[in-house]
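Notes to accompany the following structure.
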Amino acid sequence: MQLVSKSLLLGAAAVALVAAGPARAENVKIGFLGGFTGPIESLTPPIFDAAKLAVAQVNEQGGILGGKLEIVSGDTTCADATAAANAADKEVNSEHVTAIVGALCSGATISAANNAAIPGNVVMISPASTSPALSTLKDNDLVFRTPPSDAYQGESLARLLVNKGIKDIVITYVNNDYGKGFDDALTAAFKKDGGTVAANVAHEDGKADYRAELGQLASTGVQNLVILAYANGSGQTILRQAVESGDFSKYVGGDGMVADALFTGIDKKAVEGMIATKAGESATAGTPMYEKAAKDAGLKADAVYAPQSYDAAFALALAIEKNGSAKREGLSKALRAVTSGSGEPIYPGEWKKAVELIKAGKDINYEGASGSLDFDENGDVPGTIVEMKAEDGKFVLVGPAKP
């Protein structure tokens, strides 16, 4: 029998100990899907920055599951369903993300969900998709959102207009899930409140000329024009051409229009006092904590859908930690657990506290920057709608616009 040297035995033992020891912690990856190009390209960067702020806080306070939290981004273009599907497919099947923040535009979210996230069992939380169509999506409890549905925003905008003495309107809306859903909700609510919708005209995004659509609306004689579109797309072109026509005296927009870039090349005096709505914050004790952290990071705390994006990323991180694994299975249930309304309150930035409670077997309840994330059975939140007003070529916050 051949003798084995003592040094060889010791070496083998050392290898065995290493193999039997704890595995090296792996980083956890989440995705972000946004319209970095296209009709909301000026809105997307601040929304992404807010999600990155949540990721940075997680890593600064010890990381996640013993590793670091990473975030990768993909461009949906907002306007191209195929681009959204491809961007989601890359994150789900090539980047192997655990979950996704996004998408932003409703059509992009639906396409990303149906073509990649749902088949891949990946939880998505959109910080900006507001179409009512998301509520009825057959998603296996995988698709959530942090802003309220346009079914609610439509009611809020209708009541706001009626309360301002506006009794008749004409509407043009971008012909996609967002525009159609918003138009349906606003029209129904405005009529219910006693108002008159003289015309509803759909339009395609990306055209250079909308004078035919504007002429159709102007032929009604109604002076109040509602534009449900995007600030970097058809919304800007329609507003500019409407001002040039001189056929309207009052302009109104939805959340997709709330960007200062909307007023580029437009006479500021002509649009002074323009009314718009967007999702706002249902203030919790953590709202000022988020605002301070955002400002300290050089971010605009109240950028459109930025608080909602922060909440989506932070809530997903909490759910992953609660789930105890970077695996996708069980994450939807864990997300509901950390936002259910029961347990120790966790506010924006309180990552270390949350991890300690989770490890101790305690329940937690995330109270977000944009409000309490009390998801209903459809993954929706009630949320808050706020009124915005154009002043000197910029949008300023007026206050809540409740239905």
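The values are calculated or read from the model by the stated rules, or taken from the named source; none is laboratory data. Computed from a prediction, not measured in an experiment: that's the story for all the values here. Don't worry about glycine lacking a Cβ; one is built from the backbone with ideal geometry, like all the others, and counts go over all protein chains shown.
Here is how the numbers come out for the structure above:
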read-out	value
In the stretch 362-399, the residues that are in a loop (DSSP other than H, G, I, E, B) and farther than 22 Å from T130 by Cα	K362, D363, D392, G393
Filtered residue count, the stretch 343-354, keeping only those that are in contact with an Asp or Glu (Cβ under 6 Å, 6 or more places away or on another chain) and at negative phi	2
Of the criteria (1) in contact with a helix residue (DSSP H, G or I) (Cβ under 9 Å, 6 or more places away or on another chain); (2) within 30 Å of S370 (Cα to Cα), which one A283 fails	(1)
P345 over 23 Å from I71 (Cα atoms), assigned by TED's automatic domain parsing to the domain that holds A128 and in a helix (DSSP H, G or I)	no
Residue list for the stretch 90-107, restricted to those being in a helix (DSSP H, G or I), farther than 16 Å from A51 by Cβ and touching a strand residue (DSSP E or B) at 6+ places or on another chain (Cβ under 9 Å)	K90, V92, S106
Tally, over the stretch 188-222, of residues that are within 21 Å of A242 (Cα to Cα) and either touching a residue at least 40 places away in the same chain (Cβ under 8 Å) or assigned to a helix (DSSP H, G or I) (or both)	12
All positions within the stretch 126-141 that are crowded, with 24+ Cβ neighbours inside 10 Å and either part of a loop (DSSP other than H, G, I, E, B) or outside the structural domain of S106 (by TED's automatic domain parsing) (or both)	P127, A128, S129, T130, S131
When residues of the stretch 54-89 are limited to those that are small (G, A, S) and assigned to a loop (DSSP other than H, G, I, E, B), the one modelled with the lowest pLDDT	A79
Test: residue in the stretch 206-215 that is assigned by TED's automatic domain parsing to the domain that holds I169, in contact with a Phe, Trp or Tyr (Cβ under 6 Å, 6 or more places away or on another chain) and surrounded by 22 or more Cβ atoms within 10 Å (Cβ to Cβ)	no
Residue in the stretch 325-337 that is buried (at least 24 other Cβ atoms within 10 Å of the Cβ) and either outside the structural domain of A128 (by TED's automatic domain parsing) or touching a residue at least 24 places away in the same chain (Cβ under 8 Å) (or both) present	yes
Subset of the stretch 345-362 [closer than 22 Å to P307 by Cα and exposed (fewer than 14 other Cβ atoms within 10 Å of the Cβ)]	K352
Residue check, Y230 assigned to a loop (DSSP other than H, G, I, E, B), buried (at least 24 other Cβ atoms within 10 Å of the Cβ) and not small (G, A, S)	yes
Selected residue [in contact with a helix residue (DSSP H, G or I) (Cβ under 6 Å, 6 or more places away or on another chain) and more than 29 Å from E91 (Cα to Cα)] from T172, T146	T172
Hits in the stretch 142-166 - residues which are touching a strand residue (DSSP E or B) at 6+ places or on another chain (Cβ under 8 Å), in a helix (DSSP H, G or I) and over 14 Å from G181 (Cβ atoms)	S156, L160, L161
Residues that are assigned to a helix (DSSP H, G or I) and crowded, with 19+ Cβ neighbours inside 10 Å, drawn from the stretch 244-266	D255, G256, M257, L262, F263
Residue check, T237 outside the structural domain of L43 (by TED's automatic domain parsing), hydroxyl-bearing (S, T, Y) and surrounded by 15 or more Cβ atoms within 10 Å (Cβ to Cβ)	yes
Residue within the stretch 105-116 that is modelled with pLDDT of 95 or more, over 24 Å from Y230 (Cα atoms) and over 15 Å from the mean Cα position of the chain (by Cα) present	yes
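For (1) farther than 29 Å from Y230 by Cα; (2) of a type in the set (A, V, I, L, M, F, W, C); (3) part of a strand (DSSP E or B), each residue gets a yes or a no:
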| position | (1), (2), (3) |
| --- | --- |
| T277 | no, no, yes |
| E281 | no, no, no |
| K300 | no, no, no |
| V304 | no, yes, no |
| Y310 | no, no, no |
| L316 | no, yes, no |
| A319 | yes, yes, no |
| K322 | yes, no, no |
